[in-house]
Amino acid sequence: MTKRSCFFALVFALAYPGVAGAQYPILDTIADKVVQKYEQSSCEQLWEKKGQPKSPREQEAIQVLRNDPNRRGAFINRVAAPIANKMFECG
């Protein structure tokens, strides 16, 4: 009985991120671009971009995330680790 419960818990845990990701395909695309930006940019490039104003599309996306806690959570779960790693690399 315990093995069966563990098996179903493992299957659910592995399947859940796929289901959550399919829920917001546009958000996934945006998150992928954000992750790619942080992984491919140097620390200097990120510092330069930090103070620049955001484009209207970026502002719209931020507003959507502010208004929808579920989407915000999904987005943060996708981008948090790569951004945090880059922050540690850049000091």
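The values are calculated or read from the model by the stated rules, or taken from the named source; none is laboratory data. Given the structure is predicted, the values throughout are model-derived calculations rather than measurements. A quick note on method: Cβ atoms are made from the backbone with ideal geometry, for glycine too, and the neighbour counts reach across all protein chains shown.
If you take the residues of region 1-28 that are surrounded by 10 or more Cβ atoms within 10 Å (Cβ to Cβ) and under 13 Å from Arg78 (Cβ atoms), which of them is modelled with the highest pLDDT?
Result: Asp28.
Got a sec? Which helices (runs of 4 or more DSSP H) wholly within region 19-70 have at least 3 residues that are of a type outside the set (Ser, Thr, Tyr) and under 12 Å from the mean Cα position of the chain (by Cα)?
Values: elements: 25-40, 43-50, 56-67.
Correct list: 25-40.
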